[in-house]
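Engineer: One structure coming up, written as structure tokens, with questions to follow.
The values are calculated or read from the model by the stated rules, or taken from the named source; none is laboratory data. Quantities reported herein were computed from a predicted structural model and do not represent experimental measurements. Cβ coordinates were reconstructed from backbone atoms using ideal geometry, including for glycine residues, and neighbour counts include every protein chain displayed.
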Amino acid sequence: QGKPVDGWKSAGAAAAYRCLLHAEGREVKDAQNENVLTRGVTAESVSAVLAEKGKLSPAELVKLRVRYFTDGVVLGSREFVEGIFEAQRELFGPKRKQGARRMTESDAPFYTLRQLRLRPLG
């Protein structure tokens, strides 16, 4: 039985949804382009997101990953996370062989000590 988020990343749905939110949620200004009539995402932000096709930069990923810092316990390179895992080996079960778990939303090589299961983005 599939999960509701199956294919979210592999099909590019997260990036497409981010593009949609920025395009549909942009702010609206008056005819003189001075006063904001409807608050929303700035035109500059919309352009930047659409230019990147909705992908988050590594800096944005880290900024948005408070949950990875709190629930993932450790965030860093594979070597860094493995070092922490080995230093704290007694805190983990005997069946666990490796400590580093890949951040699934990131194209950059970020790893955590715990794999998040429930909606890391929201």
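Engineer: Can you list residue pairs whose Cβ atoms sit under 7 Å apart, with the first residue in the range 36-48 being within 14 Å of residue 20 (Cα to Cα) and the second being assigned to a helix (DSSP H, G or I)? Count only pairs 6 or more apart in sequence or on different chains.
Structural biologist: Qualifying pairs under 7 Å: 41/22; 45/22; 46/22; 46/23.
Engineer: Any idea how many residues of the range 77-108 are at pLDDT 80 or above and either in a loop (DSSP other than H, G, I, E, B) or of a type in the set (Val, Ile, Thr) (or both)?
Structural biologist: Here the count works out to 13.
Engineer: Taking the residues in the range 51-76 that are modelled with pLDDT of 75 or more and closer than 11 Å to residue 113 by Cα as candidates, determine which candidate is surrounded by the fewest Cβ atoms within 10 Å (Cβ to Cβ).
Structural biologist: 76
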